[in-house]
Amino acid sequence: NYQTKNQINNLNDFHNKYIKDIENYIVKRPNIEAYNSYKDIIDKKQNSVPIGIKEISKLYEALKILCNMQNKYEKSTSNCTKCLEEANNFAVKYNDLNSDSNHIEGSLYSKMLSTLSNDYDDFKNKCGNGQSKKFPSLSQITPQKSSADTYGQIAIQYSDVETSSSSIASKLIPGLLTFAIP
């Protein structure tokens, strides 16, 4: 697991240290529309996202495995045979994440896990010649039910954020890779 550095223990700490006060630098840069879009989303959600660095690092480990699968994939031949070991590792990691106590219905953790699952399924679908039949199937996502009294603040509504199974890059990498910065 990743060590917390500079007293950053959750997404709110990271936002306050690295994102909140850099507007002066960004305003002077051309072509920053994508940054502004991500920053707006982060600014709106940062106070309502109770996810810690330890949980983010667990999700990041699964993301790394999925990225390794993508890197080993031979697009020209739709060859996925080199990805079987990573697929098995991903399935084990996914099952651990799925049974984690932080996996609460409606939470950011649950939504990220769902996106990882969808992207894994998308990857399996692009493998040709029935190669993906050797890949393990993932269990159904089973978040814990949240009670209004105990977990009321953990359940997060994302009505203004798209939750379809987009590519890894558009959903997970911006959120998770920011925590891989040493």
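The values are calculated or read from the model by the stated rules, or taken from the named source; none is laboratory data. Keep in mind that what you see is a predicted model, and the values were worked out from it rather than measured. Note that each Cβ is placed from the backbone with ideal geometry, even for glycine, and that neighbours are counted across all protein chains shown.
Pairing each residue of the range 70-98 that is assigned by TED's automatic domain parsing to the domain that holds residue 128 with any residue that is of a type in the set (Phe, Trp, Tyr), provided the two are 6+ apart or on different chains, yields C-beta distances under 7 Å for 70/123; 80/73; 83/73; 84/135; 87/135; 90/120. In the range 100-159, the qualifying residues are those that are aliphatic (A, V, I, L, M) and farther than 16 Å from residue 65 by Cα, and the one that is modelled with the highest pLDDT is 141. In the range 70-88, the count of residues that are part of a helix (DSSP H, G or I) and within 15 Å of the chain's Cα centre (by Cα) is zero.
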